[in-house]
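Notes follow once the structure below has been shown.
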Amino acid sequence: MAEFNGLGMGLGNLSRLSKAKTRSICAENFTGEKGKAGMAVDGTGSRFARDLGQGWKVSPSVSVKAKTTFTMADVVGPGAIQHIWLTCLPNVWRTLILRIYWDGEEQPSVEVPVGDFFCNGWCERSNVNSLPVAVNPAGGMNSYWEMPFRKAAKITMENIAEEDATLFYQIDYTLTDIPDDAAYFHAQWRRSNPVKYKDVHTIVDGICGRGHYVGTYLAWQSNHTGWWGEGELKFYLDGDDTFPTICSTGTEDYFGGAWNFEHPQGQYGSFSTAFLGLHQVIAPDGLYRSQQRFGMYRWHVMDPIRFEEDLRVTVQALGWRSGERYLPLQDDIASVAFWYQAEPHAVFPALMDKDGLEVI
């Protein structure tokens, strides 16, 4: 039996010993070096620790200056990111851009506004109680996506706003051997504001290589009265052209709900479970009024969507019109696609500017 490498953690292997080394990076130990945490003599907590000095929460956070990029972690592997915790104020969740680079690559494998990465794209906090992502009172954002790397891992946070942002963070990782069949974690953000009439929102396109799709987050604003979620999610695999290999029967069905998420009658029934959720409903008075906003996630942890060559994922914005007919909608939809694949990956489309990212 091969020696356990400390990855794929769960209750079934929690008792197994390994030679993996646990390390952690935060504002109290910027490098993760062994025996070097809590040594700061200057930092955002200096004033509060002035009577106590070194070792007493001198550097609990960092200030990410306006129009700059802060390197949160720069780790030499092999190893794997096992947990990320961070918190910052909701007003910066669309202006702080999280990027992750694997093995010295020049183009990021993860490029997502920080709020959307943690299923909070509307800059209004909503708790999430799922297996890979947890958001807890009052804005503690946690990722448990396992992110293996062979040579290096670099995590940055860009502040595209005109004001400085305070960031608290901790990145827990392990240094260990990585199996040959371990793929690299990727995440990409896109937005259609609004979706063009009789068009679709593209969640992701241009993925090239071998891998598996593991999750979808949608931040959806309904710009019409009435029910908005009749649209199908479609997965075009390995050369699919006009018609996909996988097609859902409706938006609420894909996210694990049914019948318009309406429960009890006249209300949206929000929920947050291990793998699926309609965790956020920001609604004016009335069940089907215009300008309602929703947050939804679907994790393909137990049912990853595998591809050998390429992948494209879309969602329709679809409601109802008179005479029991479908109505193509022009809603505001932002999304994050999560997947693993072998490198190299295709270059991402250019991220929208601050105005394109803005929640208004």
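The values are calculated or read from the model by the stated rules, or taken from the named source; none is laboratory data. Small disclaimer: the values here were computed from a predicted structure and weren't measured. Heads up, the Cβs are rebuilt from the backbone with ideal geometry, glycines too, and the neighbour counts pull from every protein chain shown. SASA here: full protein model, heavy atoms, side chains in, ligands and nucleic acids out. Shrake-Rupley method; radii C 1.70, N 1.55, O 1.52, S 1.80 Å.
Can you give me the long-range amide H partners of GLN291? Hydrogens built in the peptide plane at 1.01 Å from N, cutoff under 5 Å, separation of 5 or more residues or another chain.
So GLN291 has HN proximity to SER222, ASN223, HIS224.
Considering only THR249, VAL204, ALA20, whose Cα is most displaced toward the positive end of the charge dipole of the chain, charges sitting on Cβ of Lys, Arg (+1) and Asp, Glu (-1)?
Result: ALA20.
Taking 0.36 nm per residue of sequence separation and subtracting the Cα-Cα distance, how much length would be gained by fully extending the chain between LYS354 and ALA274, in nm to one decimal?
Working it through step by step, the gained length comes to 25.6 nm.
Using only the Cα atoms of the range 66-156, build the gyration tensor, take square roots of its eigenvalues as a ≥ b ≥ c, and label the shape rounded, prolate or oblate: rounded if a/c is under 1.5, else prolate if a/b is larger than b/c, else oblate.
oblate
In the range 172-276, which trypsin sites (Lys or Arg not before Pro) are in a loop and have at most 16 other Cβ atoms within 10 Å, using DSSP for the loop call?
When the trypsin sites (Lys or Arg not before Pro) of the range 172-276 are filtered for loop state and at most 16 Cβ neighbours within 10 Å, LYS196, LYS198, ARG210 remain.
Collect residues whose amide H, placed 1.01 Å from N in the peptide plane, falls under 5 Å from the amide H of GLY206; neighbours closer than 5 in sequence don't count.
LEU311
Once phi is turned into θ = phi - 60°, what whole-Hz ³J(HN,Hα) does the Karplus curve with 6.51, -1.76 and 1.60 give for every residue of the range 185-198, x standing for Gly and Pro?
Residue by residue, the range 185-198 yields 6, 9, 8, 9, 9, 9, 8, 10, 9, x, 5, 5, 4, 6 Hz.
Taking just the alpha-carbon atoms of the chain, what radius of gyration and Dmax come out, in angstrom?
Reported Rg and Dmax, both Å: 21.2, 73.
Name the lysines eligible as straight-distance cross-link partners of LYS198: C-alpha to C-alpha under 18 Å, and not fewer than 8 places from it in the same chain.
LYS234
May I ask you to derive the relative contact order of the range 229-360, considering only C-alpha pairs under 8 Å and at least 6 residues apart, and to give it as an integer percent? Walk me through the numbers before you get to the answer.
Details: 170 pairs, mean separation 30.7, N = 132.
Relative contact order comes out at 23 percent.
From the square roots a ≥ b ≥ c of the eigenvalues of the alpha-carbon gyration tensor of the range 193-280, which class results: rounded (a/c under 1.5), prolate (a/b over b/c), or oblate?
Prolate is the answer for the range 193-280, as a/c is 1.5 or above and a/b outweighs b/c.
Can you pull the one-decimal nm distance between simple spin-label points at ARG325 and PHE48, each 7 Å off the Cα toward Cβ?
6.1 nm
Search the structure for amide H atoms under 5 Å from the amide H of ASP164, placed 1.01 Å from N in the peptide plane, and list their residues when 5 or more places away or on another chain.
So ASP164 has HN proximity to ALA66.
Please list, by residue number, every one of the GluC sites (Glu not before Pro) in the range 1-67 that is coil in DSSP and has at most 14 other beta-carbon atoms within 10 Å.
Working: sites: GLU3, GLU28, GLU33; in loops: GLU3, GLU28, GLU33.
Filter output for the range 1-67: GLU3, GLU33.
Please state the relative contact order of the chain as a whole percent: Cα pairs under 8 Å, 6+ residues apart?
The normalised contact order for the chain reaches 20 percent.
For HIS201, what accessible area in Å² do you get when you roll a 1.4 Å probe over the heavy atoms of the protein chains, rounding to the nearest 10?
Using a 1.4 Å probe on the heavy atoms, I get roughly 0 Å².
Tabulate in residue order the Karplus-calculated ³J(HN,Hα) for the range 154-160, using 6.51 cos²θ - 1.76 cosθ + 1.60 with θ = phi - 60°, rounded to whole Hz; enter x for Gly and Pro.
10, 10, 10, 10, 9, 9, 8
Report the dimensions of the range 244-360 along its three principal axes from the alpha-carbon atoms, largest first, rounded to Å.
Sorted largest first, the three principal extents are 48, 36, 31 Å.
HN-Hα J couplings of the range 148-153 from phi, Karplus 6.51/-1.76/1.60, θ = phi - 60°, integer Hz, Gly and Pro as x?
Values, residue by residue: x, 8, 9, 10, 6, 9 Hz.
What ranking of TYR340, TYR173 comes out by heavy-atom accessible area, probe 1.4 Å, highest first?
TYR340, TYR173
Name the trypsin sites (Lys or Arg not before Pro) in the range 255-360 that are in a loop by DSSP and that have at most 14 other C-beta atoms within 10 Å, would you?
Here the trypsin sites (Lys or Arg not before Pro) that fit, given the DSSP loop and packing criteria, are ARG289.
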